[in-house]
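Undergrad: Here it is, the structure in full.
Each value in this text was obtained by applying a stated rule to the coordinates, not by laboratory testing. In this text, all values refer to a predicted model and were calculated from it rather than measured experimentally. Here the Cβ is made from the backbone with ideal geometry for all residues, glycine too, and neighbour counts use every protein chain on show.
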Amino acid sequence: MHGATRNILISGASSGIGAAIARAFKATGARVTATGVTQMEVDAARARPDMDGISITLLDVREAQAMNALIEAVGDLDVLVNCAGVIRRGAEHDPDVFADVLNINLTGTMRLCTAARPGLAARKGCIVNTASMLSFFFWRRPGARLQRQQGWRGAAHQIAGHCLRGGRHSGERGGTGLDRHAFDAGPHTRR
């Protein structure tokens, strides 16, 4: 297994931060599988030249059967990155909408981690869970308005990019807790 190509699965990676993470792993020579929740998202990602060499497939993290089939198809993993998530601004006050958001953002992540666990254990892999940076910024700025949220997107991308370049979180203000381990994961890097 020494020197084997790393096998990476990234949920919610048909666009945005997930797609950037997929491209970064692909650039390291890893075998990357990215997922999108709709066929339109998957088709759009497959058509983009910057996603060449990345396997892009359909997955709704609310569907356990589809998730188990995907895990079986991709095989043992070195890294699982959970980027699947939604925001339903304002509508989250409706209990049914809130339950669906939790089913995707929280339970879906747990479901995928659980399904991938045996394959991750087999390759001594790791899990990277992403989450919204919005709470980080808003606890520091009480009274901030929803219209101002767009301005924080750039900062979240900068932090994610810093992590992908190998930045460490300890001692850094605003760090996300990610580090270089995910990029170095796999049996070929362990001593």
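Undergrad: Between V86 and residues 5 or more places away or on another chain, which pairs have amide H atoms under 5 Å apart, with H built 1.01 Å from N, and which residues are they?
TA: HN-HN under 5 Å from V86: N105.
Undergrad: Just to confirm a number: summing +1 for Lys and Arg and -1 for Asp and Glu over residues other than D76 whose beta-carbon lies under 12 angstrom from that of D76, what do you get? Let's see the in-between values first.
TA: Values: positive: R6, R31, R117, R123, K124; negative: E72, D78.
Summing Lys/Arg as +1 and Asp/Glu as -1 gives +3.
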